[in-house]
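Note sheet for the following structure.
Nothing in this text is a laboratory measurement; each read-out follows from the coordinates by a stated rule. Keep in mind that what you see is a predicted model, and the values were worked out from it rather than measured. So basically every Cβ, Gly included, is an ideal-geometry build from the backbone, and we count neighbours across all protein chains shown.
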Amino acid sequence: MSSAFSWFVILGTLGSLAGYFLLLYLNRTTKNPGRTTGHVYDGIEEYDNPLPAWWFWGFIISILFALGYLLYYPGLGNFTGFGAWSQVGELTDDQDAADERYGPIFAQYAAVPVDDLVNDPAAMRMGRRLFATNCSVCHGTAGTGSEGFPNLTDEEWLWGGDAEQIKATISNGRQASMPAWGPALQDQGVAEVAEYVMQLAGRDVDASLANAGRARFNTFCVACHGPEGAGQPMMGAPALNNEIWLYGNSHLRIEDAIRNGRNGQMPAFAERLGADKVHILAAYVKNLQQ
Ligand code: HEC
Ligand code: HEC
């Protein structure tokens with residue numbers, strides 16, 4: 001805050017403390033103890049007595065406590081207090097203490113290969129907590145995903161299901177890029193290629209439409225989705241030859257994906273969580289398969 005505002009806060013705070021003190025001090029005795037003030041409320045008379053001593057000293061002690069508090073902790077404008085306390089300092093102290101306590105446990109797990117860590121119940125309990133905090137908002141508490149957020153419990157992988165691939169996904173994030181084909185293919189072309197995609201998935205389709213779609217697929221789509229539509233983890237391109245859909249299984253949604261493209265984004269966690277926690281999470285994700 002600006003120094004003028006800082007002084008405003010300091011003077012306001014100390015001024016009101018001084019005001020309370022003055023008010024108490026000036027009213028510590030009365031001229032007519034034991035007499036009434038003449039005020040009567042519902043038959044109850046008001047006596048002109050000073051505050052009881054314990055009450056008076058209670059207030060004095062509160063004022064002294066407030067002054068001590070304001071000297072030790074930040075509270076008076078820009079003055080940071082002689083105790084050098086700050087919220088950020090307390091947070092980093094707590095984080096350091098947690099790192100010291102849990103660091104060795106995480107490091108111990110980091111030395112175990114992901115594929116073995118999967119069978120360690122204590123590590124998986126830790127993984128479940130990390131997943132609930134960092135991942136469940138998008139992938140669901142059980143990891144089953146929802147539209148646009150992949151199901152991590154099924155056997156299909158966009159970016160590959162090896163330990164190293166999963167670790168790379170969590171550490172660095174992933175940016176999928178499925179181009180929009182509407183402008184190039186026009187409505188007819190989109191309808192044809194969608195029909196072929198549904199044939200790849202094993203549905204009953206209009207054979208002549210699908211045939212026309214196959215030619216387009218082999219021109220425009222094989223580079224990423226592969227000749228049989230089996231997908232390509234290098235590009236994050238999903239398999240199209242099964243009934244697992246990231247963006248919905250209806251004819252309309254499939255055409256929509258082809259016409260308008262899709263750009264799913266998985267955020268990077270390496271910096272936020274550190275390599276050891278990513279390692280445990282990778283094992284937890286593999287464990288979801290079982
Ligand atoms: C440059 C690579 C690339 C090309 C070329 C490409 N795709 Fe894709 N496609 C992707 C990626 C990557 C995704 C996943 C998008 C995401 O995860 O957000 C995807 C997703 C899809 C989906 C949605 C799948 C689902 O599970 O919901 C369909 C359908 C699809 N593509 C069909 C096609 C068709 C048909 C073509 C050719 C006209 C095509 N793609 C060409 C990369 C590509
Ligand atoms: C903001 C939402 C969001 C959060 C948070 C998030 N993810 Fe993802 N994740 C996604 C999206 C979207 C994709 C799919 C990207 C694409 O379309 O290719 C994805 C993809 C993945 C994949 C790849 C799946 C595959 O089939 O290859 C894994 C593994 C994964 N996430 C794990 C995690 C873990 C573990 C966490 C927690 C540390 C996490 N995600 C947090 C949105 C999120």
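Numbers for the structure displayed
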read-out	value
Between 0 and 90°, nearest 10: helix 163-172 axis offset from the chain longest Cα axis	50
Cα-Cα pairs of the stretch 1-96 separated by more than 22 Å (percent)	54
Cα→Cβ-extended label distance, 7 Å offset, between ALA132 and SER6, nm	4.4
Distance between the stretch 114-131 and the stretch 32-86 - C-alpha centres, whole angstrom	56
On Cα atoms only, tilt of 53-72 relative to the major axis of the chain in degrees	50
Exposed-loop-free span, longest in the chain, where GluC sites (Glu not before Pro) count as exposed if DSSP calls them loop and at most 12 other C-beta atoms lie within 10 Å	1-146
0 to 90° range, to nearest 10: angle between helix 207-220 axis and the chain longest Cα axis	70
Whole-number percent relative contact order across the chain, with pairs defined as alpha carbons under 8 Å at least 6 apart	20
Debye, to nearest 20: dipole size of the chain, +1 on Lys, Arg Cβ, -1 on Asp, Glu Cβ	740
Hits among lysines - C-alpha to C-alpha of LYS167 under 27 Å, sequence gap 8 or more where chains match	LYS277, LYS286
Gained length - ASN218 relative to THR13, 0.36 nm times residue gap less alpha-carbon distance	66.2 nm
Where Rh is the Kirkwood radius over Cα pairs, Rg/Rh for the chain	1.35
Förster radius 51 Å - calculated FRET efficiency between LEU91 and ARG203 (Cβ-Cβ, nearest 0.05)	0.40
Estimated 222 nm signal from helices in the chain, with DSSP H stretches of n ≥ 4 weighted -39500 (n - 2.57), rounded to 500	-18000 deg cm²/dmol
Those residues of the stretch 22-42 whose amide nitrogen sits under 17 Å from the label point placed on LEU64, 7 Å along Cα→Cβ	22, 24-25
Per DSSP, loop trypsin sites (Lys or Arg not before Pro) in the stretch 151-231 with at most 15 further Cβ within 10 Å	ARG203
Filtered chymotrypsin sites (Phe, Trp or Tyr not before Pro), the stretch 49-93: DSSP coil and at most 16 other beta carbons within 10 Å	PHE79, PHE82, TRP85
